[in-house]
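Note sheet for the following structure.
Nothing in this text is a laboratory measurement; each read-out follows from the coordinates by a stated rule. Predicted model, so just to flag it, every value in this text is computed and none were measured. Positions of Cβ are generated from backbone atoms using ideal geometry, with glycine treated the same way; all protein chains shown enter the neighbour counts.
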Ligand code: NAD
């Protein structure tokens, strides 16, 4: 085992789980055993909530200008340890080093945004009648929880930690049980930056801990990022115990390619979107709707896809199960009559025979009823569906129950505008295959890709992680008294 077994992190200390049960953590790159992470219980969660409650007393009363200083230091520590943090993300998640580095760079951008929060949350004040003033102030909510998925071990925890903590909350983080190592590094760096003990606590585990978080009476808000199936469970269960909940789910993103699209720009963007992070992004292109004759572009996409080499510029998928699931989708589409133009099945990387690799895969002549057209595959696979015109393309996009992202490739502003207005997704790209809004814009989809109000990042984070206090004051005895004041 490359690293020692890890513990939970409670009240600023590494704390073994009371269960003494562990789950092995393997690197998708080569299948090697990296570490073991605890499968914690409700009792471990109770300890963490107690620590977070205690820390809240002081942290919530610390002025935001002081809280934010810690995150300025955290940002410089992320920069200092960039290479080591990127290598760890690569090892536990399986993505390429460049992708892991880009993820840590995004964590820095997220922290920079959190550092701007003192500038954004000044309340309002107004004299509403003679001598009477109304003012608003943002208050932290209390102990909050953040449940995160495997695909971005650094970025997704940093979607929530800097914003929620700068805004005065204390947190329980529940990392994905398959990538638990990067989260502990985040805690270590925050401690080095001066974060008081108990403000951030990490409880490792699986479903049992997620359910205990949803039910815990002292946790006020829950954010969740993961699959739609679990997002629905978390949204329903945590709401049932009267928590504020925002649950981001899975995706099936459609790229609509029009005949006037710029060929090389489209081919490189489509390929990068479907194969980046081995297709394990909620923003990945999964279906391409080819409008009219775009055969030359499809040919170029195949050329680009063949330049994506597993183990070189394409990382591994998360597990053996994931590899088998993705390959099964491809085989099923083939047996239903789709054409496999580039085939990533049975990929083996020399020297990493026990890694979990799927090569880039381009499937043509997919029909909307096939499972590759309907379901989230979460692998480097693009399914091409043909449509006669823009309206048919939109009806295909609109029919999918998800709504994270959609994109259009065209050189016509009018056509782009038509699709922007009608696509049924929360994030839209024009000639961009991965339309992730950058800070201060917020991130979040629609429909089955998100449950709850608002978004999790950017300016929307303020509403989710705070509650508003409205105060009305009257000091002057000469101020008039009327029915309102
Ligand atoms: P997942 O839903 O399997 O797991 C997410 C979290 O939920 C993990 O911490 C896991 O321990 C926990 N969990 C798993 N099964 C559970 C259950 N039955 N009950 C309670 N908790 C459970 O997701 P994943 O496989 O880690 O991540 C991939 C998914 O996340 C994809 O669907 C992807 O689209 C989605 N995702 C969405 C976004 C977004 O912004 N919408 C971002 C990243 C990933």
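Some points to look at:
- Restricting attention to segment 63-211, close to 35% of DSSP beta bridges with both partner residues there are antiparallel.
- Quarter the surface of the alpha carbon convex hull of segment 159-294 and you get the mean projected area, 11.0 square nanometres.
- Counting DSSP beta bridges with both ends in segment 335-484, the antiparallel % (nearest 5): 25
- Over all Cα atoms in segment 102-180, the spread is summed up by Rg and Dmax: 17.1, 61 Å.
- Annotation for segment 33-86 versus segment 236-253: alpha-carbon center distance of 23 Å.
- Packing here is the average count of other Cβ atoms within 10 Å per residue, and on that basis the peptides 32-42, 60-70, 269-279, highest first, run 269-279, 32-42, 60-70.
- Calculated Rg and Dmax of segment 419-464 using C-alpha coordinates, Å: 11.2, 31
- Shape analysis of the chain based on the Cα gyration tensor places the equivalent ellipsoid semi-axes at 41, 30, 19 Å, largest first.
- When 214, 115 are sorted by how many other C-beta atoms sit within 10 angstrom of their C-beta, beginning with the fewest, the order is 115, 214.
- The C-alpha atoms of the chain define a longest principal axis, and helix 181-193 lies at about 40 degrees to it.
- Peptide packing: for 383-389, 131-137, the average count of neighbouring Cβ atoms within 10 Å per residue gives the ranking 383-389, 131-137, highest mean first.
- Taking all Cα-Cα distances within segment 63-211, those exceeding 24 Å account for 36%.
- By the Stokes-Einstein formula, at 0.890 mPa s and 25 °C, segment 37-117 with its Kirkwood radius over alpha-carbon pairs has D equal to 162 µm²/s.
- Kirkwood-Stokes translational diffusion coefficient of segment 257-297, alpha-carbon pairs, 37 °C, 0.692 mPa s, µm²/s: 306
- Between helix 295-306 and the chain: long-axis angle, C-alpha atoms, 0 to 90°, nearest 10: 70
- Beta bridges per DSSP, both residues in the chain: antiparallel share near 40 percent.
- Crossing angle, helix 64-80 versus the chain [Cα axis fit, 0-90 degrees, rounded to tens]: 30
- Contact order for the chain, expressed relative to its length and based on alpha carbon pairs under 8 Å spaced 6+ residues apart, stands at 18 percent.
- Cα-based equivalent ellipsoid, segment 233-349: semi-axes from gyration tensor eigenvalues, Å: 30, 20, 15
- Sorted largest first, extent of segment 371-427 alpha carbons per principal axis (Å): 32, 24, 20
- Applying D = kT/(6 pi eta Rh) to segment 140-201, where Rh is the Kirkwood radius over alpha-carbon pairs, T corresponds to 10 °C and eta to 1.306 mPa s, the Stokes-Einstein value obtained is 136 µm²/s.
- Relative contact order (%) - criterion: Cα under 8 Å, at least six apart; region: segment 259-369: 26
- Cα convex hull of segment 1-147 - mean projected area over all directions, nm²: 11.9
- Packing rank of 363-369, 412-418, where each peptide gets the mean count of other beta carbons within 10 Å, highest leading: 363-369, 412-418
- Cα convex hull volume per residue for segment 348-482 (Å³): 245
- For segment 302-429: relative contact order, % (alpha-carbon pairs under 8 angstrom, 6 or more apart): 20
- For segment 319-398, the equivalent ellipsoid derived from the Cα gyration tensor has semi-axes of 27, 11, 10 Å, listed largest first.
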